[in-house]
Amino acid sequence: MAEPRLVRGRLTHLAGPTHLLGMEVLTRLAERSQAKVIASAAAGDDLALRQIIAANHDDMRRVCQYVTRDHAITDEAVQAAWSIAWRKLGSVRESRRLKPWLISIAVNEAKQLLRRRRRRAVIELTVDPSDRRGGMDPAAAVGSIDLRSAIERLDIEDQALLAMRYVVGFDATELSVATGISPAGTRTRLKRLLDRLRQDLADG
């Protein structure tokens, strides 16, 4: 009976690494596939460009909307970002850097538009939850407003960093690509921002 157990033991031992190897192969294949799409789009392939737009447009809009609080500015910024990205797609050397790179372009365009227009962003509220039966608790509503006010007092760059982390879900490496700050630096900056928001809410 010892020999069958030994065989199963070997199989069990190999199962973990083999599975991980399979995942690594799939990841590499996916990256190669995306790299081909990027290269094709850079070469003028309209279908490849549409694939890239479909995969990234919504996240670009979400971050810009978080930063600007203005649909018109968001649309203008993202449209301008795509024009820039289309011309510079050939500079993207690693497919995993594509989304952070695209979002950084959109955020930069949004910041420029905000500075040119010199006006504060306005949050659009389509429905006031307090008007609904069983809606938002007044205390919760005050807390929500206080948080929005605290976020709006941050620099545009800091608002963009929060959006990329908590709206899109970028990790430290992706944030580093988008901001040009080291992964450790982005983690430190995020911690300081969260500490500042907590302090602002406590003081309010």
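The values are calculated or read from the model by the stated rules, or taken from the named source; none is laboratory data. In this text, all values refer to a predicted model and were calculated from it rather than measured experimentally. As a convention, Cβ positions derive from the backbone with ideal geometry for all residues, glycine included, and neighbour counts pool all protein chains shown.
Remarks
- Count - residues of the range 74-88 that are surrounded by fewer than 21 Cβ atoms within 10 Å (Cβ to Cβ) and either within 19 Å of residue 166 (Cα to Cα) or not hydroxyl-bearing (Ser, Thr, Tyr) (or both): 9
- Of the listed requirements (1) touching a Leu at 6+ places or on another chain (Cβ under 8 Å); (2) modelled with pLDDT of 90 or more; (3) not aromatic (Phe, Trp, Tyr), residue 83 misses just one: (1).
- Some residue of the range 20-37 being under 26 Å from residue 113 (Cβ atoms), modelled with pLDDT of 55 or more and either aliphatic (A, V, I, L, M) or buried (at least 18 other Cβ atoms within 10 Å of the Cβ) (or both): no
- If you go through the range 155-190 and keep only what is under 9 Å from the mean Cα position of the chain (by Cα), surrounded by 14 or more Cβ atoms within 10 Å (Cβ to Cβ) and not in a helix (DSSP H, G or I), you end up with 167, 168, 170.
- Of the criteria (1) over 18 Å from residue 173 (Cβ atoms); (2) modelled with pLDDT of 95 or more, which one residue 102 fails: (1)
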